[in-house]
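These notes are about the structure you will find just below.
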Amino acid sequence: MSGAGTDPSHDVHARVLERAFGSSPDNVRIALNDMKQAMARHGTPAPLADAAQIILGEVLNNVVEHAYGFEDGHPVRLAIDHRPDGLWCVITDQGRVMPNGAPPAGIMPQVAGTPRDDLPEGGFGWAMVREMTDGIRYTRADGENRLEFLIPA
């Protein structure tokens with residue numbers, strides 16, 4: 001039912017957001033806020049918008065931290081398309097290649113019985129991203145990382 005009326009939420013592949021910004025934690029926050037507003041305009045259901053906020057917050061902050069080592073001002077691009085099956089997200093950057101040329105396996109750290117002060121600080125992000133998304137694809141070509149995935153509706 002592509003192009004039904006003028007409401008973009010009914011379009012099969014409505015572009016919700018496309019942003020290019022310089023790498024920094026502040027710019028990630030701005031991009032996530034822009035995304036939240038764009039999803040509201042497109043009529044994205046709240047649970048799907050909330051999931052996108054969590055997942056893209058993790059992924060974009062990983063770009064800033066790991067791909068660019070917290071160096072500000074490097075290019076990051078985010079595109080989100082609303083599809084009948086959810087939100088298709090594409091993130092590109094020109095930072096470091098992902099270890100082993102692939103996204104981390106996302107295996108949840110074993111923490112049962114671990115005292116609170118001894119819990120690991122990290123290691124949960126990719127497990128969460130993999131649990132909450134489908135169809136993760138990563139490519140590296142011509143000096144650019146490209147990560148794509150679906151946040152299912």
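Whole-Hz Karplus values for segment 76-83 come out as 9, 10, 10, 10, 10, 10, 7, 10 Hz, taken residue by residue from phi with 6.51 cos²θ - 1.76 cosθ + 1.60 and θ = phi - 60°; glycine and proline positions read x.
Between the listed residues Phe149, Pro104, Ser24, the Cα displaced farthest toward the positive end of the dipole of the chain, a dipole computed from Cβ unit charges relative to the Cα centre, is found at Phe149.
In this structure, the amide hydrogen of Met98, modeled 1.01 Å from its nitrogen in the peptide plane, lies closer than 5 angstrom to no residue at least 5 positions away or on a different chain.
As a fraction of the 1.4 Å probe accessible area of segment 65-153, surface on carbon and sulfur atoms comes out at 50 percent.
Where only DSSP H runs of four or more residues are counted, the chain gives -9000 deg cm²/dmol as its mean residue ellipticity at 222 nm, each run worth -39500 (n - 2.57).
Under a point-charge model restricted to the Cβ atoms of Lys and Arg (+1) and Asp and Glu (-1), what is the dipole moment magnitude of segment 69-111 relative to its Cα centre, in debye to the nearest 20?
Working: 3 positive and 5 negative charges, 22 e Å.
Dipole of segment 69-111, to the nearest 20 debye: 100 debye.
Remark: segment 48-133 carries a charge dipole of roughly 240 debye about the Cα centre, counting +1 on each Lys and Arg Cβ and -1 on each Asp and Glu Cβ.
Take each peptide in 86-96, 44-54, count the other Cβ atoms within 10 Å of every residue, and average; sorted highest first, the result is 86-96, 44-54. For Cα extents along the principal axes in Å, the listed values are (1) 89, 36, 23; (2) 42, 29, 27; (3) 55, 38, 27; which was obtained by calculation from the structure presented? Here Cα extents along the principal axes in Å agrees with entry (3). In this structure the chain gives 56 Å² per residue of accessible area when probed at 1.4 Å with all protein chains present.
The values are calculated or read from the model by the stated rules, or taken from the named source; none is laboratory data. Computed from a prediction, not measured in an experiment: that's the story for all the values here. Ideal geometry is used to build each Cβ from the backbone, glycine not excepted, and the neighbour counts take in all protein chains shown. Surface accessibility is based on the protein's heavy atoms, side chains included, excluding ligands, DNA and RNA. Shrake-Rupley method; radii C 1.70, N 1.55, O 1.52, S 1.80 Å.
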